[in-house]
Amino acid sequence: MNDRMEKQEILKEKMYRQILNTKSDQSLNRLATYEIVGLIFGILFIPALVYMYNKFNDPEYINKVPKAFAEQMGFVRTVTIGAIVFLAPAIIWIGFKLFFILLKINFVKPMKDNLFYVNKYAIYIKYEKLIGYYFIFPLAVLICIFHYAKIHASLFWWVLMSCSLIVTIFFVIFFYRLYDKNISTIQQNLDELQELKEE
């Protein structure tokens, strides 16, 4: 009777470990997918930005667009260059997180190694948020305000900028919540697996 109960306990523990590993693996795959999509988008977006810059620098094209839009071409070119300068290191950073952190996590490997990489990734995401929220985003807002004030932009451009900023804020907050949720799931599951191992 005792042997049977012991076998059942071992089987339950094994199944529970498997459930935790499966959940962790699903969250890890989601995080890797986010990074891969970001990497592909960044790589493909740079040629598109170069094309846009050349297009908005073409006098023939500028003469064809409405005057209200033509007045913004100089600013658009500046923003395009800024986006390329921002995207180049961003692509390297995403590649680093993907290949040197996330892909190092393997639930077959020792627990301490996985905990080390997951916690390291969580710290990197935290720094990303801080830099984005308190440096990149305020800088972008200040540049837009300064430009629109300088050219005495119409109400349309102020409303468009405000709406774009609000949508961007909500998108970024939502996206980082997905990151935090999946990181938290992996950390909790690894902690539980560590406790089971120590018992």
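Return the FRET efficiency for the residue pair residue 45, residue 152: r is the Cβ-Cβ distance, R0 is 35 Å, and the value is rounded to the nearest 0.05. My answer for the efficiency is 0.65. Using the Cβ-Cβ distance between residue 184 and residue 81 with R0 set to 35 Å, the FRET efficiency from 1/(1 + (r/R0)^6) comes to roughly 0.40. Full extension of the chain between residue 174 and residue 116 yields a length gain of 18.3 nm, computed as 0.36 nm times the residue separation minus the alpha carbon distance. Tell me whether region 121-199 comes out rounded, prolate or oblate; compute the Cα gyration tensor, take square roots of the eigenvalues as a ≥ b ≥ c, and use a/c under 1.5 as the rounded threshold. Cα axes put region 121-199 in the prolate bin. Based on the reciprocal of the average 1/r between different C-alpha atoms, the Kirkwood radius for the chain equals 20.5 Å. Rounded to the nearest 500, the 222 nm mean residue ellipticity of the chain from helices alone is -31000 deg cm²/dmol, with -39,500 (n - 2.57) taken per DSSP H run of at least 4 residues. One quarter of the convex hull surface built on the alpha carbon atoms of region 17-128 amounts to 9.0 nm², the projected area averaged over directions.
Seen against the Cα atoms of the chain and their longest principal axis, helix 2-56 is set at about 10 degrees. The relative contact order of the chain, computed from alpha carbon pairs under 8 Å that lie at least 6 residues apart in sequence, is 34 percent.
Restricting attention to region 59-189, lysine pairs at least eight places apart or on different chains and with alpha-carbon atoms under 19 angstrom apart total 15.
We did not get these values from a lab; they are worked out from the coordinates using the rules stated. These figures come from a predicted structure and were not determined experimentally. Glycine also receives a Cβ, built like all others from the backbone with ideal geometry; neighbour counts cover every protein chain displayed.
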